[in-house]
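The values are calculated or read from the model by the stated rules, or taken from the named source; none is laboratory data. Nothing here was measured: the structure is a model prediction, and the numbers come from that model. FYI the Cβ positions are ideal-geometry reconstructions off the backbone, even for glycines, and counts take in every protein chain you see.
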Amino acid sequence: TCALPIYYELPNTFIMLSTYKSQWNVFSITLQHSMLNMRNIPQIQLLRALAAISVSMCHFNSVANILTGHANDRLTLYCLASGVDLFFVISGFIMVYSSEALFAVHKGPFVFLVKRLARIVPLYWLTTVMAVFLMDLPVNWHKCVESFLFIPYWGQPGAIFPLHGVGWTLNFEMFFYM
């Protein structure tokens, strides 16, 4: 089955079109109202705030070193980069928590993946194109295609990144899904 990444949501219903051997199929999943209203967990929001603050402080420390001519010095706040790890854990929890309604549904994992891609891909592609032009990145079509498909490539000596450097987290996420 090859499903098209075209979908739309009606109130309480997720509908997707798929094709198999040139025959179109339509399937829908109706979610109960209680499944659509996931409650907010304040403790998770607090952890997200702490992770965001710690990563921001680490980045500010890096920028401060660059601006003061100490770009190669060790970052005194580097330990706060562990906020990225915390983000990964929180993201995994939130994805499972918010997708609970799909666990027992036929084609639930497929629905999850299509919705996830629809949420991530357009913004990632847009910011990648913007990064190429705004940061005047050296690019070729091979690197562009790899970046758009979440395939990292060898960049600077010893570094494996997509064109838009912050996309490395999405490379890990896509690798996890595969």
Options PHE103, PHE60, PHE87: the member that is surrounded by 14 or more Cβ atoms within 10 Å (Cβ to Cβ) and either in contact with a Ser or Thr (Cβ under 9 Å, 6 or more places away or on another chain) or at pLDDT 50 or above (or both): PHE87
Members of segment 150-161 found to be surrounded by fewer than 16 Cβ atoms within 10 Å (Cβ to Cβ) and among the aromatic types (Phe, Trp, Tyr), listed by number: TYR153, TRP154
Selected residue (criterion: nearest to the chain's Cα centre (by Cα)) from residues of segment 57-101 that are more than 24 Å from MET174 (Cα to Cα) and of a type in the set (Gly, Ala, Ser): SER62
Whichever residue in segment 107-149 is among the polar types (S, T, N, Q) and in contact (Cβ under 8 Å) with a residue 24 or more places away in the chain and, among such residues, is surrounded by the most Cβ atoms within 10 Å (Cβ to Cβ): THR128
Those residues of segment 125-161 which are at pLDDT below 85 and touching a Pro at 6+ places or on another chain (Cβ under 7 Å), in sequence order: PRO152, ILE160, PHE161
